[in-house]
1. Calculate the spin-label point distance for residue 1 paired with residue 95, positioning each point 7 Å from the Cα along the beta-carbon direction, and give it in nanometres.
2. Only counting other Cβ atoms within 10 Å, I'd like 100, 20 sorted with the fewest neighbours first.
3. Stretched out fully, how many nm does the piece from residue 121 to residue 104 gain, at 0.36 nm a residue minus the Cα gap?
4. At what distance in nm do the modelled label points of residue 61 and residue 73 sit from each other, each positioned 7 Å from its Cα along Cα→Cβ?
5. Order of 81, 109 from fewest to most other C-beta atoms within 10 Å?
6. GNM on the chain, C-alpha springs below 10 Å: top fluctuator among 94, 76, 13?
7. Quick one: order 131, 123 by neighbouring beta-carbon count within 10 Å, fewest to most.
8. Just report the Cα centroid separation between segment 75-90 and segment 10-35, whole Å.
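Bear in mind that the values in this text are calculations on the coordinates, not laboratory data. Treat the numbers as computed from the prediction; the structure is a model and nothing was measured. So basically every Cβ, Gly included, is an ideal-geometry build from the backbone, and we count neighbours across all protein chains shown.
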């Protein structure tokens with residue numbers, strides 16, 4: 001967790017996790033957007049929370065604990081893209097129908113999940129409203 005938030009402070013990690021849960025934040029994007037906050041632009045990480053006020057006390061304490069060069073280390077530790085269920089399902093459905101382009105596009109993005117590339121922003125987004133509960137099981 002110290003690598004994901006850029007500081008080895010268990011209380012800061014616990015508070016950030018609690019804020020993400022309470023604020024309905026997307027975990028992957030919240031961790032990734034800490035890099036911009038480390039550089040002074042908090043808008044991206046705040047946008048992940050339904051109530052950004054949950055970060056008001058946390059962000060200044062977290063920034064004070066960061067070492068120089070933290071933004072680069074945060075980007076190296078936190079991917080922008082993960083294989084989100086709705087994207088995997090769409091690629092599988094298309095492949096089953098004989099269209100391999102969505103599968104190849106997903107695999108290309110996942111081959112370098114730490115790089116932000118124009119045109120691939122949609123792969124970083126969480127599932128749209130209505131995708132519903134989704135469970136995966138070991139070995140799926």
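1. Modelled inter-label distance: 3.5 nm.
2. Details: 100 12, 20 18.
Ordered from fewest to most neighbouring Cβ atoms within 10 Å, 100, 20 come out as 100, 20.
3. Values: separation 17, 0.36 × 17 = 6.12 nm, distance 1.60 nm.
Here the segment from residue 121 to residue 104 would lengthen by 4.5 nm.
4. The modelled label-to-label distance comes out at 2.0 nm.
5. On the way: 81 24, 109 20.
Fewest-to-most ranking of 81, 109: 109, 81.
6. 94
7. Numbers: 131 12, 123 19.
With the sparsest Cβ surroundings first, the list reads 131, 123.
8. Between the Cα centres of segment 75-90 and segment 10-35 lies a distance of 17 Å.
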